[in-house]
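See structure below.
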Amino acid sequence: LAKKKKKPKLLNKFDKTIKAELDAAEKLRKKGKVEEALRAFEALVNQYPQSPRARYGKAQSEDDLAEKMRSNEMLQQAINTYDEVVSLPNVPSDLIKLSLKREADRQQFLGRMRGSLVTLQKLVQLFPSETSFKNDLGVGYLLIGDNSNAKKVYEEVLSLAPNDGFAKVHYGFILKAENKIAESIPYLKEGLESGDPGTDDGRFYFHLGDALQRMGDKGAYKWYELGYQRGHFASVWQRSLYNVKGLKAQPWWTARETGYTELVKSLEKNWKLIRDEGLAVMDKKRSLFLPEDENLREKGDWSQFTLWQQGRKNENACKSVPKTCALLERFPEATGCRRGQIKYSIMHPGTHVWPHTGPTNCRLRMHLGLVIPKEGCRIRCAQENRYWEEGKVLIFDDSFEHEVWQDAESYRLIFIVDVWHPELTAQQRRTLPAI
């Protein structure tokens, strides 16, 4: 038989004596009469400053009102009041837990990550045996990018509760970020299989599949399939996590299908100019080409020279390739694409790029061939291989899984131009956050 969840005990001895007044104020809050509830709880706090339950009711009412008014000031007020609850005498431990947990949550909502960390640390100190608070603290560290402290916290949780699924997926996620691919797999896998709250997240399916693929394990697709069934991916092949629903989705596109025929014509007509400016940069300043840094290579040498990033022009880079940049200025679908880049990409022989998926379905990627060896270079997107040709544009949707092989005798140079997905409205192009 499932245990009935115990109702939290929110009243201390004193609060039991004013239960009727507390209930009347709470009833107003439950009915959504936010302003009246706040006035009622404020009156109780003034009358009984030592009452933890009245103070908590005031915090909740301020919290509700902040949401209703969309006011960060009011939310800060609520955060302060939750904090006051804990400092009163004889506070029931259930009330301490609820107050601090909500305080940390609201601090994160306001982007006060370090403040929430302090609150979560307080919870863990007060209730050292409760793993769920440690789990939340781990997330707090991850949110400020402190993976090593997060890792310690999850190691602690797993020593206390070896089957905690939440700790497992997060621990696996950290190992994967450290490039400990083989080690990350059992944690991600068992964590997802646990079905524990907080484990059903697209990122965990994404990284487990990716880790399996890198180990050469075809079992990856079982997890992608599951992630798709759980609604995290648009399909088994299209696994971007920052998406606009309902956009046409196919791995390969023709210029006509995109509607960007002028841009494609212009790239193909001027390919030698683009190539020659790129080659001049390669000869002069190898240092302008930076190695790919997203850990996508199994092996080899792959560098990029970026002209536009997230819709922002790199003025310095454009000084080296002025004609190429001038040519692109006429095409806002490319230069204004805040979810993409425009860059030269050079790949040397013996390079293999792991199967991977771009972050968003909001862009399409154009590849213009500049220096292409006779054979040995290919790209797969979803289930179809294609080959670059000098002076020709290939267009694909990089939110679909793709993989690259460079087994030629000499380097391959292409020019990459990301464009907004043609079905995005002008409004969406203006307001979608950059990636």
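Observations, loosely collected:
- Matching label, semi-axes √(5λ) of the Cα gyration tensor in Å computed from the structure shown, candidates [x] 44, 26, 18; [y] 53, 26, 19; [z] 35, 25, 23: [y]
- Here the simple spin-label model places points 7 Å from the Cα toward Cβ, and for Lys19 and Ala177 these points are separated by 4.7 nm.
- Sorting Asp201, Asp23, Asp293 by accessible area puts them as Asp293, Asp23, Asp201; the probe is 1.4 Å, largest comes first, and only protein heavy atoms count.
- Estimated [θ] at 222 nm from DSSP helical runs (n ≥ 4, -39500 (n - 2.57)) normalised by residues in the chain, nearest 500: -15500 deg cm²/dmol
- Heavy-atom accessible surface of segment 261-431, averaged per residue, reaches 44 Å², computed with a 1.4 Å probe.
- Efficiency of FRET from Cβ geometry, Met215 and Gln76, R₀ 45 Å, rounded to 0.05: 0.40
- Inter-label distance for His348 and Lys269, nm, one decimal - labels placed 7 Å from Cα along Cα-to-Cβ: 3.7 nm
- Modelled this way, with points 7 Å down the Cα-to-C-beta line, the labels at Gln428 and Glu84 are 4.7 nm from one another.
- Potential extension, Lys313-Arg114 segment - 0.36 nm per residue separation minus Cα distance: 68.3 nm
- Within the full protein context, the accessible area of His170 is estimated at about 10 Å² for a probe radius of 1.4 Å.
The values are calculated or read from the model by the stated rules, or taken from the named source; none is laboratory data. Predicted, not measured: the structure shown is a model, and the values here were computed from it. All Cβ positions, glycine included, derive from the backbone under ideal geometry; neighbour counts span all protein chains shown. Heavy atoms of the whole protein, side chains included, go into the accessibility calculation; ligands, DNA and RNA do not. Shrake-Rupley method; radii C 1.70, N 1.55, O 1.52, S 1.80 Å.
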